[in-house]
Amino acid sequence: MTSEVRECSVARTLDLIGAKWTLLAVREMLLGSHRFDEIARRTGAPRDILTARLRRLETQGLVHRVQYENRPPRFEYHLTDLGEALAPVIATMREFGDRHLADEAGPPLRFEHSCGSAYQPVLACSACGEVVERGEVSIADSPSIAK
């Protein structure tokens, strides 16, 4: 039996941001933490690993550094537009964890939309605006898999 690895954007995205601590660093920048010590403290990431993750995010164009002190040189880390595009991914992961993994105390953070209601991310069709329910999406164009 022959099997082919399915090429997909999920695998490519995981290659970019799937290493442990990477998405937590992105989460912190989305929440307003920009200095290394603050990101390290709020994620619990070991400093050497966090340094490597931030460098990779910078190399890949998701983060840019802004110097805020000269001696010694110190930098803040800010998401680029590409990095900001991960916000819905983080929001969806948070919602999953809040719904399925939170303990009796409930979710650690509460998010609110500008209208004042609790913010819960949903997937919607960009064409019709309908909320997408399970089973309503199918593969539209799939290369044939050799047997």
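Just so you know, all these numbers are worked out from the coordinates, no wet-lab data involved. Since this is a predicted model, take the numbers as computed values, not measurements. A quick note on method: Cβ atoms are made from the backbone with ideal geometry, for glycine too, and the neighbour counts reach across all protein chains shown.
The table below gives the values:
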read-out	value
Segment 27-53 residues that are free of Cβ contacts under 8 Å to residues at least 24 places away in the same chain and over 27 Å from E95 (Cβ atoms), paired with ones that are surrounded by 15 or more Cβ atoms within 10 Å (Cβ to Cβ) and among the hydroxyl-bearing types (S, T, Y) (beta carbon under 7 Å, 6 or more apart)	none
Subset tally (residues that are farther than 15 Å from M93 by Cα and either acidic (D, E) or exposed (fewer than 13 other Cβ atoms within 10 Å of the Cβ) (or both)) for segment 8-23	5
Meets criteria (over 18 Å from the mean Cα position of the chain (by Cα) and either hydrophobic (A, V, I, L, M, F, W, C) or surrounded by fewer than 16 Cβ atoms within 10 Å (Cβ to Cβ) (or both)) for V5	yes
Count - residues of segment 1-36 that are assigned to a loop (DSSP other than H, G, I, E, B) and under 13 Å from E76 (Cβ atoms)	3
Criterion violated by D81 - all others in (1) among the charged types (D, E, K, R); (2) over 17 Å from the mean Cα position of the chain (by Cα); (3) closer than 18 Å to L24 by Cα satisfied	(2)
